[in-house]
Amino acid sequence: MLLFALGFLLIILQPSTGQFPRVCANVQSLLSKECCPPWDGDGSPCGELSNRGSCQNILLSQAPLGPQFPFSGVDDREDWPSVFYNRTCRCEGNFMGFSCGDCKFGFSGLNCTERQVKTRRNIFQLTASEKNKFLAYLNLAKNIPSQDYVIATGTYTQMNNGSNPMFRDINVYDLFVWMHYYASRDTLLGGSNVWRDIDFAHEAPGFLPWHRVFLLMWERQIQRITGDENFTIPYWDWRDAEDCEVCNDEYMGGRHPTNPNLLSPASIFSSWQVICTQSEEYNSQQALCNATSEGPIRRNPGNNDKSRTPRLPSSADVEFCLSLTQYESGPMDKMANYSFRNTLEGFADPQTAISNPAQSGLHNALHIYMNGSMSQVQGSANDPIFVLHHAFVDSIFERWLRRHRPMLEVYPAANAPIGHNRENYMVPFIPLYRNGEFFKPSRELGYDYEYLQEPALQSFQDFLTPYLQQAHQIWAWLVGAAVLGGIVTAVLTGIIRACRKKKGGTSSEIQPLLIESEDYNNITYQSNF
């Protein structure tokens, strides 16, 4: 009870990060298309009086999109968030948040000047006390209403273009479930028509940055509602697992004794209700998920379609994926070949990197293997295993970033599927984040992974790998250059000796032994390589 009361107090006092800010979910804000709330610290919009930020027009990317979405002006998520707001807070320095009242990820302190790097740990390395605390935090989030955010229960058109707001309250955990649904839902075209080939969080370059932001926001929410600023999301390292190692009552819930599709009554998660799982019903009604409870979490790990997902991913699968040098390729969707992103997401074979959507590898394999709530994209975040799984997927992304050290330009600037270009804002986050802003090492965002810190040798190997790969690519040239250099040296040596013989009159007494120190200092060594 004390923890609940403390969490409730903290969430009232501190701003959060998520979808529609409550202070902007009203007629005035929607009709003016402005979401620039006052910062509590000085009462001015965006904390402008304290130089934290100012209300600015949103700058939208004009880069061309891929051909996957052949419509324009039919989906509220196009050019996010301009359908709802075209002016928001633009924060200065290390400030962040819909009112610039927060610090950027990786910073803390009154003026957001203190750098911090926290460590995410393997869930099996947590002490019993730490593990139980994590489970209690999850349950707390499921039972505390978000004080700063609400969800939309209708489209902008259904809201009469803002004159009839349609929003409702939601608890902190389900806020994130709803955001995952909203980013991946189908486009409603009117009547009974929908467009399914659209997803602002999957099947394209933004998959990894989007889920990175999602986890950072989720992590920060848990820190706030509990008052535990040192909390970090644990991860489940599922490489070479023979079954669902976290699927027991000690961790994320075991199997129900009489119904294999449900969780054990001994698990706190058996009482959880899912939301946003009935996409076909929403589509038929041309409606959005309104977060109504839709039954218990379903999970039957291992009893999935083996023809699609024959096994859980192996260490070899991960290592092959990490060896891929291209982040993205071709159409930049689930048909991309030799793409690190598409292979890690699971639409390409983890042994060849050739696209094969009929099979599920790596990330997708875990979702399908769970054979329940987690296996349907839009509602997959209902199962708390989701955060453990995606934390480990993010760690693989982090390993790739450290090994290949890509420039920001490696992330596609144009022609990606809708919402996935480098400068596109991620749906449905307010405050606004661009895809490219999270295509960077995790330490710059304030966190690291325990298994990536030690041993130091592995970090050195990851550092050295790209240079060794480059050397391998030009090895033949290096050998040829060495041979040619040897030949040139031999010829020059022969010429010099011949000249010395012709000059036989020069006395050894008046020849310098090596070289005068003054001349030595004027010599420089160069390498054309």
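The values are calculated or read from the model by the stated rules, or taken from the named source; none is laboratory data. The structure presented is a predicted model; accordingly, all values stated were derived computationally and were not measured. Quick reminder, even Gly has a Cβ in these numbers, built from the backbone with ideal geometry, and neighbours come from all protein chains shown. Keep in mind that these areas ignore ligands, DNA and RNA; they rest on the heavy atoms of the full protein, side chains included. Shrake-Rupley method; radii C 1.70, N 1.55, O 1.52, S 1.80 Å.
Tabulated data
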read-out: Criterion: open to solvent by 20 Å² or more (accessible area, probe 1.4 Å), at positive phi, not hydrophobic (A, V, I, L, M, F, W, C) and not in a helix (DSSP H, G or I) - qualifying residue of Asn160, Asn164; value: Asn160
read-out: Conditions (1) under 30 Å from Gly53 (Cα atoms); (2) in contact (Cβ under 8 Å) with a residue 24 or more places away in the chain: number failed by Phe134; value: (1)
read-out: Condition check for Arg443: basic (Lys, Arg), farther than 21 Å from Ala204 by Cβ and touching a Gly at 6+ places or on another chain (Cβ under 9 Å); value: yes
read-out: Unmet criterion (only one of (1) touching a strand residue (DSSP E or B) at 6+ places or on another chain (Cβ under 9 Å); (2) farther than 24 Å from Arg185 by Cα; (3) surrounded by fewer than 20 Cβ atoms within 10 Å (Cβ to Cβ)) for Asn86; value: (2)
read-out: Pro313 being under 30 Å from Asn356 (Cβ atoms), of a type outside the set (A, V, I, L, M, F, W, C) and surrounded by 21 or more Cβ atoms within 10 Å (Cβ to Cβ); value: yes
read-out: Filter result (buried (at least 21 other Cβ atoms within 10 Å of the Cβ), within 30 Å of Gly106 (Cα to Cα) and of a type outside the set (A, V, I, L, M, F, W, C)) within segment 185-219; value: Asp199, His202, Glu203, Pro205, Gly206, Pro209, His211, Arg212
read-out: Condition check for Leu175: in contact (Cβ under 8 Å) with a residue 60 or more places away in the chain, over 24 Å from the mean Cα position of the chain (by Cα) and either assigned to a strand (DSSP E or B) or buried (at least 20 other Cβ atoms within 10 Å of the Cβ) (or both); value: no
read-out: Residue in segment 202-218 that is more than 30 Å from Lys133 (Cα to Cα), out of contact with any His (no Cβ under 7 Å at 6 or more places or on another chain) and in contact (Cβ under 8 Å) with a residue 24 or more places away in the chain present; value: yes
read-out: Verdict on Pro145 being in contact with a helix residue (DSSP H, G or I) (Cβ under 7 Å, 6 or more places away or on another chain) and either open to solvent by 30 Å² or more (accessible area, probe 1.4 Å) or more than 21 Å from Cys289 (Cα to Cα) (or both); value: no
read-out: Residue list for segment 102-136, restricted to those being within 23 Å of Trp178 (Cβ to Cβ) and buried (at least 19 other Cβ atoms within 10 Å of the Cβ); value: Asp102, Phe105, Phe134
read-out: Flag for Leu312 being of a type in the set (A, V, I, L, M, F, W, C) and under 16 Å from Asn364 (Cα atoms); value: yes
read-out: Criterion: over 15 Å from the mean Cα position of the chain (by Cα), open to solvent by 20 Å² or more (accessible area, probe 1.4 Å), free of Cβ contacts under 8 Å to residues at least 40 places away in the same chain and within 25 Å of Arg196 (Cα to Cα) - qualifying residue of Ile368, Ile354; value: Ile354
read-out: Hits in segment 263-305 (condition: in contact (Cβ under 8 Å) with a residue 40 or more places away in the chain, open to solvent by 30 Å² or more (accessible area, probe 1.4 Å) and not in a loop (DSSP other than H, G, I, E, B)); value: Ile268, Ser284
read-out: Inter-residue pairs, beta-carbon under 7 Å, first closer than 15 Å to Phe20 by Cα and in segment 30-41, second of a type in the set (Val, Ile, Thr) and surrounded by 14 or more Cβ atoms within 10 Å (Cβ to Cβ), 6+ apart; value: Cys35/Thr88; Cys35/Ile430; Cys36/Thr88; Pro37/Val23
read-out: Single unsatisfied condition, Ser380 versus (1) open to solvent by less than 10 Å² (accessible area, probe 1.4 Å); (2) polar (S, T, N, Q); (3) in contact with a strand residue (DSSP E or B) (Cβ under 9 Å, 6 or more places away or on another chain); (4) farther than 25 Å from Lys440 by Cβ; value: (3)
read-out: Phe71 open to solvent by 60 Å² or more (accessible area, probe 1.4 Å), at pLDDT 95 or above and in a loop (DSSP other than H, G, I, E, B); value: yes
read-out: Which numbered condition Leu189 fails, given (1) out of contact with any helix residue (DSSP H, G or I) (no Cβ under 8 Å at 6 or more places or on another chain); (2) part of a helix (DSSP H, G or I); value: (2)
read-out: Set Ala201, Ala152: member being at pLDDT 95 or above and under 17 Å from Ala25 (Cβ atoms); value: Ala152
read-out: Pair list, Cβ under 6 Å, 6 or more apart: segment 102-129 residue over 30 Å from Cys244 (Cβ atoms), other residue among the charged types (D, E, K, R) and not in a strand (DSSP E or B); value: Val117/Arg443
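Every residue, every condition in (1) touching a Phe, Trp or Tyr at 6+ places or on another chain (Cβ under 9 Å); (2) among the small types (Gly, Ala, Ser), yes or no:
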| position | (1), (2) |
| --- | --- |
| Gly361 | yes, yes |
| Asn371 | no, no |
| Asn382 | yes, no |
| Val387 | yes, no |
| Ala413 | no, yes |
| Ser442 | yes, yes |
